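Participant: Here it is: the structure, laid out below.
The values are calculated or read from the model by the stated rules, or taken from the named source; none is laboratory data. Note that the coordinates shown come from a computational prediction; the quantities given were computed from them, not determined experimentally. Cβ placement follows ideal geometry from the backbone for every residue including glycine, while neighbour counts extend to all protein chains displayed.
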Amino acid sequence: MLAYQPWRPALEAIVLRLGALLIAFLIFGLFCALAGANPVQVYGSIFKAAFGSWSAWQNTLIRASPLMLTALCTALPARLGLVIIGNEGALVVGALAATLAGLSLGPALPGGLLLVTMALASLVAGGLWIMVAGALRHYRGVNETISSLLMNYIAIALMNHLVQGPLRDPSFVTKPSSAEIARAAWLGNLPNTRIHYGLLYGVIACFLAYFLIQRTTFGFAARTAGGNVRAARIAGLPVGKLTLAVCFLGGSCAGLAGMVEIAAVQRRLNESIVANYGYSGILVSFVARHNPLAMLLVSVLLGGILASGGILQRSHGLPDATVMVFQGIVFLCVLFSDSLYGRFPIFQERVRPPAKTPVSV
């Protein structure tokens, strides 16, 4: 007879994830060696660029803030058993909605209220965008992974059409872009740092998501529906409404990431908003096993890797896309590690069945 103690599954998850990351590091080191670079020096450069100084830490945390938000776009629907990878599309749509709100309401609203309006617009736009994928899955049986992936390209195409046409600022000749949002809508930085307040948005969103999923009846219902849809329906749970609500919440987080990038980094909408933070957020969610609190740490680690792309190109002659190759290797190793859960007896405990009490006649 097998009995599971609460700490054993957690230990198994940690060991398998660490093992997957170790294998990914070894494979990436082999890739660097084949490219003519010293793997040890490459890893040293990555650490230096990511965590070697306070300036490096700031670069890492700037990149970590959108990763926290976009990762929730995959993590929350995963509680329902859905694999949503439309994070990039939700981010772009959220950035588009925030830009439209900032440009149209900028002259009429004060700075604080304008930022709130832009945030609300991005939340609604991103939420509705991912909710479409959830609705197609629940009501029409359309695979949510494929539909949400294809919606990424629709969102990017829509954004490119608008910035090259109706929203284009003719005075900005570097690349097709919208007009700059009002200075009152710029998101400021934390005191004495280059880290914008978007980092706080990401941290707060992860804590709220954890509380919602683990400490509320709504979260319990979502986890129940994700574990067994038929049992959830028999229990009277509104699976359809749960699907739409969770997908909306996940998409809202990615949409908010788009607003943060516009208000804190880009200041105007153009193709630079497509920085692959949405796709990287998928990796963050899977490495963290869709745990919002674990995603805080994973986002910082992956943000550091993203911050090292330039130094790998300058110091080792590696392509700038090397960090994307690294992410792909990590993702494949993590997916493979998921197939190993429950296969190691060391994470299980054998107990003796209770002794039978003799029955006296």
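Participant: Quick check on my filter: what residues within region 131-141 are surrounded by 15 or more Cβ atoms within 10 Å (Cβ to Cβ) and either within 23 Å of D169 (Cα to Cα) or of a type outside the set (K, R) (or both)?
Facilitator: M131, V132, A133, G134, A135, L136, H138, listed by residue number.
Participant: In region 72-128, which residues are in a helix (DSSP H, G or I), more than 20 Å from the chain's Cα centre (by Cα) and not aliphatic (A, V, I, L, M)?
Facilitator: T99, G102, S104, G111, G112, T117
Yes/no per residue for (1) modelled with pLDDT under 95; (2) of a type in the set (S, T, Y); (3) in contact with a strand residue (DSSP E or B) (Cβ under 6 Å, 6 or more places away or on another chain); (4) not in a loop (DSSP other than H, G, I, E, B):
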| position | (1), (2), (3), (4) |
| --- | --- |
| S171 | yes, yes, no, no |
| T174 | yes, yes, no, no |
| Y201 | no, yes, no, yes |
| F211 | no, no, no, yes |
| G219 | yes, no, no, yes |
| R223 | yes, no, no, yes |
| A231 | yes, no, no, yes |
| E261 | no, no, no, yes |
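Participant: Got a number for residues in region 142-152 being buried (at least 22 other Cβ atoms within 10 Å of the Cβ) and over 20 Å from S252 (Cβ atoms)?
Facilitator: So the count comes out to 0.
Participant: Right, here's the next one. Taking the condition in a loop (DSSP other than H, G, I, E, B) and without any contact (Cβ under 8 Å) to a residue 60 or more places away in the chain, does V142 pass?
Facilitator: Spelling it out, V142 is indeed in a loop (DSSP other than H, G, I, E, B) and without any contact (Cβ under 8 Å) to a residue 60 or more places away in the chain.
Participant: Here's a check for you: in region 233-245, which residue that is at pLDDT below 90 and in a helix (DSSP H, G or I) is surrounded by the fewest Cβ atoms within 10 Å (Cβ to Cβ)?
Facilitator: Going through the qualifying residues, I end up with I234.
Participant: Something else now. Among the residues of region 187-202, how many are surrounded by fewer than 18 Cβ atoms within 10 Å (Cβ to Cβ) and either touching a Leu at 6+ places or on another chain (Cβ under 7 Å) or over 22 Å from A71 (Cα atoms) (or both)?
Facilitator: So the count comes out to 8.
Participant: If you don't mind, there's one more thing I want to ask. For R194, only one of the following conditions fails: (1) assigned to a helix (DSSP H, G or I); (2) touching a residue at least 60 places away in the same chain (Cβ under 8 Å). What is its number?
Facilitator: (1)
Participant: Right, something else. For I181, indicate whether it is of a type in the set (V, I, T) and within 23 Å of the chain's Cα centre (by Cα).
Facilitator: no
Participant: Would you mention how many residues in region 86-130 are β-branched (V, I, T) and surrounded by fewer than 22 Cβ atoms within 10 Å (Cβ to Cβ)?
Facilitator: Summing the residues that are β-branched (V, I, T) and surrounded by fewer than 22 Cβ atoms within 10 Å (Cβ to Cβ) in region 86-130 gives 3.
Participant: I'd like to check something: does region 237-246 contain any residue that is more than 26 Å from L120 (Cβ to Cβ) and either more than 19 Å from the chain's Cα centre (by Cα) or free of Cβ contacts under 8 Å to residues at least 60 places away in the same chain (or both)?
Facilitator: There is at least one residue in region 237-246 that is more than 26 Å from L120 (Cβ to Cβ) and either more than 19 Å from the chain's Cα centre (by Cα) or free of Cβ contacts under 8 Å to residues at least 60 places away in the same chain (or both).
Participant: Continuing with this model, one more query. Just for region 265-290: of the residues that are out of contact with any Ser or Thr (no Cβ under 9 Å at 6 or more places or on another chain) and assigned to a loop (DSSP other than H, G, I, E, B), which one is nearest to L162 (Cα to Cα)?
Facilitator: V274
Participant: Considering only residues that are buried (at least 21 other Cβ atoms within 10 Å of the Cβ) and in a loop (DSSP other than H, G, I, E, B), look in region 292-328 and name the one that is nearest to the chain's Cα centre (by Cα).
Facilitator: Going through the qualifying residues, I end up with S308.
Participant: What number of residues in region 203-222 are more than 21 Å from L67 (Cβ to Cβ) and buried (at least 16 other Cβ atoms within 10 Å of the Cβ)?
Facilitator: Total meeting the criteria: 3.
Participant: Is there a residue in region 42-65 that is among the β-branched types (V, I, T), surrounded by 17 or more Cβ atoms within 10 Å (Cβ to Cβ) and over 24 Å from the mean Cα position of the chain (by Cα)?
Facilitator: Checking region 42-65: at least one residue is among the β-branched types (V, I, T), surrounded by 17 or more Cβ atoms within 10 Å (Cβ to Cβ) and over 24 Å from the mean Cα position of the chain (by Cα).
Participant: Between a residue in region 199-211 that is under 14 Å from V260 (Cα atoms) and any residue that is crowded, with 24+ Cβ neighbours inside 10 Å and at pLDDT below 95, which pairs come within a Cβ distance under 6 Å, given they are 6 or more apart or on different chains?
Facilitator: Taking only residues 6 or more apart or on different chains, the pairs are L199/S65; G202/S65.
Participant: Got at least one residue in region 11-32 being surrounded by fewer than 14 Cβ atoms within 10 Å (Cβ to Cβ) and touching an Asp or Glu at 6+ places or on another chain (Cβ under 8 Å)?
Facilitator: Among the residues of region 11-32, not one is surrounded by fewer than 14 Cβ atoms within 10 Å (Cβ to Cβ) and touching an Asp or Glu at 6+ places or on another chain (Cβ under 8 Å), which makes the answer no.
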